[in-house]
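Colleague: The structure follows.
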Amino acid sequence: MWLQVNGQRAYAYTGGRPFDPARPVIAFVHGAQHDHSVWILQTRYLAHHGYSVLAFDLPGHGRSEGEPLATVEAMADWVLAALAAAGVGKATLVGHSMGSLIALDAAGRAPDKVDRIALVGSVFPMPVSDALLDAARSDEPRAFDMINRWSHGSLYDPPSCPGPGFSIWNQNRRLMERQRPGVLLNDFVACNAYQAGFDRADALACPVLFVLGKRDQMTPPRASRPLVERCAAALAGRGLPAPKVVEVPDCGHALMTEKPLAVLNALREFATKA
């Protein structure tokens with residue numbers, strides 16, 4: 001599905017079903033150097049089971065036009081503008097890694113536009129190591145190798161290699177290679193510089209889900225606790241339940257591809273809960 005967002009063409013995958021804003025809408029936001037395709041299983045299932053789905057390509061990523069946006073706040077503004085362009089009044093936001101910061105920022109600043117948020121592989125702050133930043137700046141292929149090593153909790157356990165000739169490591173490598181040069185550094189700098197996470201958590205007024213990989217080296221569960229606790233305090237102050245936290249065993253940072261069914265089950269339960 002193509003949208004016009006801020007005067008530029010933007011792509012959103014709809015899960016293989018026509019988009020209908022009258023149904024409950026779930027919008028997916030990818031992480032650094034990725035695009036909509038990381039959500040393929042979750043979007044297709046939900047689109048065929050009662051929801052309308054939008055999995056965005058952020059500007060400069062995947063099929064969307066424009067230059068990559070330089071800050072998490074600008075990306076959150078873009079997501080809200082994209083929802084408006086699609087005729088969506090209010091949506092559940094699901095974000096992975098950098099996308100989780102975007103979902104958090106949007107929900108904290110525009111609570112009237114967000115029903116609930118699911119933060120997948122999320123921490124705040126989200127610092128990027130100097131070694132990874134240097135590699136992103138000077139040697140992207142080396143950065144891709146570092147990301148792959150640190151993003152997967154297993155080498156070839158199912159479903160990492162469900163059949164001959166298939167590997168989620170190689171799949172992730174090819175996906176990163178398809179993005180434009182410079183996108184990775186832009187995204188990492190944006191994550192590294194984002195400072196408003198706790199302020200946005202303080203402003204939350206909607207249900208929150210965390211989905212975390214127990215073997216995540218990029219955003220380990222122990223590093224997520226400050227954000228979980230901050231969200232819990234904000235929600236308690238508004239009489240809302242504490243965030244639900246799902247830790248996925250034997251899984252790293254690439255949760256949607258490494259343990260796709262676990263992520264889908266967590267999202268499905270969260271979306272259907274009254």
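Colleague: Can you give me the long-range amide H partners of Arg116? Hydrogens built in the peptide plane at 1.01 Å from N, cutoff under 5 Å, separation of 5 or more residues or another chain.
Modeller: Excluding prolines and chain starts, which carry no amide H, the hits are Thr92, Leu93.
Colleague: Residue by residue through the range 87-98, which ³J(HN,Hα) values in whole Hz follow from phi under the Karplus form 6.51 cos²θ - 1.76 cosθ + 1.60 (θ = phi - 60°), with glycine and proline marked x?
Modeller: x, 8, x, 8, 9, 7, 10, 10, x, 10, 6, 3
Colleague: Taking amide H positions as placed in the peptide plane 1.01 Å from N, state which residues far from Arg63 in sequence (5 or more) or on other chains have amide H under 5 Å from it.
Modeller: none
Colleague: Can you give the Rg/Rh ratio of the range 47-121, where Rg is from the C-alpha atoms and Rh is the Kirkwood radius?
Modeller: When Rh is taken as the Kirkwood radius, the ratio is 0.94.
Colleague: Under 10 Å, Cα contacts only: if you run a Gaussian network model on the chain, which one of Gly108, Gly153, Gly239 comes out with the highest mean-square fluctuation?
Modeller: Highest fluctuation among the options: Gly239.
Colleague: Which of the lysines could a cross-linker span from Lys113 if the Cα-Cα distance has to be under 16 Å and same-chain partners fewer than 8 positions apart are dropped?
Modeller: Lys90
Colleague: Suppose the chain between Arg174 and Glu247 were pulled fully straight at 0.36 nm per residue; how much longer would it get relative to their current alpha carbon spacing?
Modeller: 23.5 nm
Colleague: What list of ³J(HN,Hα) values in whole Hz, one per residue of the range 34-44 in order, does the Karplus curve 6.51 cos²θ - 1.76 cosθ + 1.60 (θ = phi - 60°) give from phi, with Gly and Pro shown as x?
Modeller: Listing the rounded values in order: 10, 8, 4, 5, 5, 9, 4, 5, 5, 5, 5 Hz.
Colleague: Further, regarding this structure: Have a look at Ala91, Ala131, Ala262 and tell me which one the Gaussian network model of the chain (Cα, springs below 10 Å) gives the largest fluctuation.
Modeller: Sorting by GNM fluctuation, first place goes to Ala131.
Colleague: Right, something else. Check cross-link reach from Lys259 to the lysines: straight Cα distance under 24 Å, and skip same-chain residues fewer than eight apart.
Modeller: Lys214, Lys244, Lys273
Colleague: So what are the ³J(HN,Hα) numbers for the range 8-21, from phi and the Karplus equation (6.51, -1.76, 1.60; θ = phi - 60°), rounded to whole Hz, Gly and Pro as x?
Modeller: Coupling constants for the range 8-21: 10, 6, 10, 9, 9, 6, 10, x, x, 10, x, 7, 10, x Hz.
Colleague: Calculate how many DSSP beta bridges within the chain are antiparallel, expressed in % of all such bridges and rounded to the nearest 5.
Modeller: Given both bridge residues lie in the chain, the antiparallel proportion sits at roughly 20 percent.
Colleague: At a 1.4 Å probe radius, carbon and sulfur cover how many percent of the accessible area of the chain?
Modeller: After summing per-atom areas, the C and S share lands at 53 percent.
Colleague: Match the structure shown to one of the listed values (1) 68, 48, 38; (2) 44, 42, 41; (3) 45, 39, 37 of Cα extents along the principal axes in Å, computed from it, and give that label.
Modeller: (3)
Colleague: Taking only Cα atoms and a 10 Å spring cutoff, compute GNM fluctuations for the chain and point out the largest among His48, His96, His61.
Modeller: His48
Colleague: In terms of modelled amide H atoms, which long-range or inter-chain residues lie less than 5 Å from the amide H of Val5?
Modeller: Here the answer is Ala10, since their amide H atoms fall under 5 Å of that of Val5.
Colleague: Now for a different question. Taking the Cβ-Cβ separation of Lys273 and Glu65 as r and a Förster radius of 35 Å, what is the calculated FRET efficiency to the nearest 0.05?
Modeller: The value I calculate is 0.45.
Colleague: Over the chain, give the accessible area per residue in Å² for a 1.4 Å probe, as an integer.
Modeller: Heavy-atom accessible area per residue stands at 41 Å².
Colleague: Place a +1 charge on the Cβ of each Lys and Arg in the chain and a -1 charge on the Cβ of each Asp and Glu, then give the dipole magnitude about the Cα centre in debye, rounded to the nearest 20.
Modeller: With Lys and Arg at +1 and Asp and Glu at -1, about 660 debye.
Colleague: Ok, one more. Going 7 Å from the Cα of Gln4 along its beta-carbon direction, which residues of the range 69-105 have the amide nitrogen within less than 15 Å of the resulting point?
Modeller: The answer is 82, 84-87.
The values are calculated or read from the model by the stated rules, or taken from the named source; none is laboratory data. Not measured: the values here are computed from a predicted model. Don't worry about glycine lacking a Cβ; one is built from the backbone with ideal geometry, like all the others, and counts go over all protein chains shown. Remember, those area values only see protein heavy atoms, side chains included, never the ligands or the DNA or RNA. Shrake-Rupley method; radii C 1.70, N 1.55, O 1.52, S 1.80 Å.
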